[in-house]
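Each remark here refers to the structure printed beneath this line.
Throughout, read-outs are computed from the coordinates displayed, never taken from laboratory work. Keep in mind the model is a prediction, meaning the values are calculated, not measured. Here the Cβ positions follow ideal geometry from the backbone for every residue, glycine too, while neighbour counts run over all protein chains shown.
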Amino acid sequence: MDEQSSQNLTFEQAMKQLEDTVRRLESGDLPLGESIEQYKRAMTLVQFCRQQLDKAELEIVQLIEQDGNLSTMRITEAAE
């Protein structure tokens, strides 16, 4: 899976593909060469999913009303 084809996936689709790939690897039924290719695919999917989660984290904001003014704060900051 190259970068261009991963850009056409949603996070959910990538997670499903990752789960399927891991299941195939864990089965132990794949020849060594195919196992290596599946492992590479899994790592590409992990990277894509991590990037999508990082983007989502940046977009998540919590509105906080302070003295009648609305401000934004990342949820990770609010939890501290």
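Here are a few things to note about the model shown:
- Label-point separation, S35 to R50 (7 Å along Cα→Cβ), nm: 2.3
- As a proxy for reagent exposure, M15, M43 were ordered by neighbouring Cβ count within 10 angstrom, fewest first; the result is M43, M15.
- Fully extended contour minus Cα-Cα distance, from Q13 to M43, at 0.36 nm per residue: 9.3 nm
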